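Peer 1: Pasting in a structure now, in structure tokens, and then I'll have a few things to ask.
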Amino acid sequence: MIEFTNVTKSYSVGTKALRGVSMQIEDGEFAFLVGPSGSGKSTIIKLITGELKPTSGSVHVNGYSLERIRKREIPYLRRTVGVVFQDFRLIDNKTVYDNVAFAMRVVGTGTREIRSRVPYVLNLVGLEHKSRRHPGELSGGEQQRLAIARALVNNPSTIIADEPTGNLDPARSLEIMTLLQEINNLGTTMLVVTHEQNLVEQFANRVITINDGLISSDRMDGHYDYED
Ligand SMILES: Nc1ncnc2c1ncn2[C@@H]1O[C@H](COP(=O)(O)OP(=O)(O)O)[C@@H](O)[C@H]1O
Ligand SMILES: [Mg+2]
């Protein structure tokens, strides 16, 4: 579960990125987070992953209290939260297989488990036939599917995606959103930042809208509540 209670975040004197955000996302939910550029979406993501601490208020994620988490506990939190970045952050000199396997090695998973799990997640995202390729040999949509495989491989209970379709054409974007929906159907909680009104309305999930550091609407009917 993700729970924000009266969260504020100031980057420096005068920049208040979040001005009192409260929200709760239950296990197994699929929620979109939308809002204008600069409204605070990425700040919310970074508070969930422990990259930033709140200035005030509390953030609870999968049993961890992020306002007082210890540095050595952050790797444990991160095993419960997979992150998909807009810019993919793939390792260019590793194969598709090794990009995914590496995410398991860094958390100390043994070879036997890696050998059975990596093909499973590559198959889930439709990349099993590309496992010996390098990221530079993949299309944009394939790179994003690889980033999703990597976010999934440690079997997190939650996946956070920050504009996962930002660089893709409409057909590829639809494929990626469908894949995220399928992963959610398998039980993973999903929080997806997007600007794509069409996709939000098509998937008709919960939509949390943030404006100028405050939640301005939170609704279940897929309605997209602001104009760019
Ligand atoms: N590292 C930072 N230092 C100072 N200000 C920042 C930093 N990151 C973001 N901001 C500011 O905080 C506000 C919210 O940013 P952000 O969360 O990135 O918005 P969004 O993802 O919705 O575009 C913006 O005004 C932005 O300029
Ligand atoms: Mg952002």
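The values are calculated or read from the model by the stated rules, or taken from the named source; none is laboratory data. Keep in mind the model is a prediction, meaning the values are calculated, not measured. So basically every Cβ, Gly included, is an ideal-geometry build from the backbone, and we count neighbours across all protein chains shown.
Peer 1: Which ones in segment 22-42 are closer than 21 Å to GLU227 by Cα and either surrounded by 15 or more Cβ atoms within 10 Å (Cβ to Cβ) or in contact with a strand residue (DSSP E or B) (Cβ under 7 Å, 6 or more places away or on another chain) (or both)?
Peer 2: Going through segment 22-42, the residues closer than 21 Å to GLU227 by Cα turn out to be 31-42.
Listed by number, the residues that qualify are ALA31, PHE32, LEU33, VAL34, GLY35, PRO36, SER39, GLY40, LYS41, SER42.
Peer 1: Then there's this: Of everything in segment 68-101, what is surrounded by fewer than 16 Cβ atoms within 10 Å (Cβ to Cβ) and over 26 Å from GLY57 (Cβ atoms)? Give them in sequence order.
Peer 2: ASP87, ARG89, ILE91, ASP92, ASN93, LYS94
Peer 1: With (1) surrounded by fewer than 15 Cβ atoms within 10 Å (Cβ to Cβ); (2) closer than 20 Å to LEU199 by Cβ; (3) among the small types (Gly, Ala, Ser); (4) in contact (Cβ under 8 Å) with a residue 40 or more places away in the chain as the list, and ALA147 as the residue in question, which single condition is left unmet?
Peer 2: (1)
Peer 1: Which pairs turn up if I take residues in segment 86-113 that are farther than 27 Å from LEU168 by Cα and aliphatic (A, V, I, L, M) and look for partners that are at pLDDT below 95 and surrounded by fewer than 18 Cβ atoms within 10 Å (Cβ to Cβ) with beta carbon separation below 6 Å, at least 6 apart in sequence or on another chain?
Peer 2: From residues that are farther than 27 Å from LEU168 by Cα and aliphatic (A, V, I, L, M), the pairs are VAL107/ARG79.
Peer 1: For segment 142-166, which positions are over 10 Å from PHE88 (Cα atoms), assigned to a loop (DSSP other than H, G, I, E, B) and of a type outside the set (Val, Ile, Thr)?
Peer 2: Across segment 142-166, the qualifying residues are ASN154, ASN155, PRO156, SER157, GLU163, GLY166.
Peer 1: May I pose another question? Identify all residues within segment 123-141 that are closer than 21 Å to ASP87 by Cβ and assigned to a helix (DSSP H, G or I); write none if there are none.
Peer 2: Answer for segment 123-141, where residues must be closer than 21 Å to ASP87 by Cβ and assigned to a helix (DSSP H, G or I): LYS130, PRO135, GLY136, GLU137, GLY140, GLY141.
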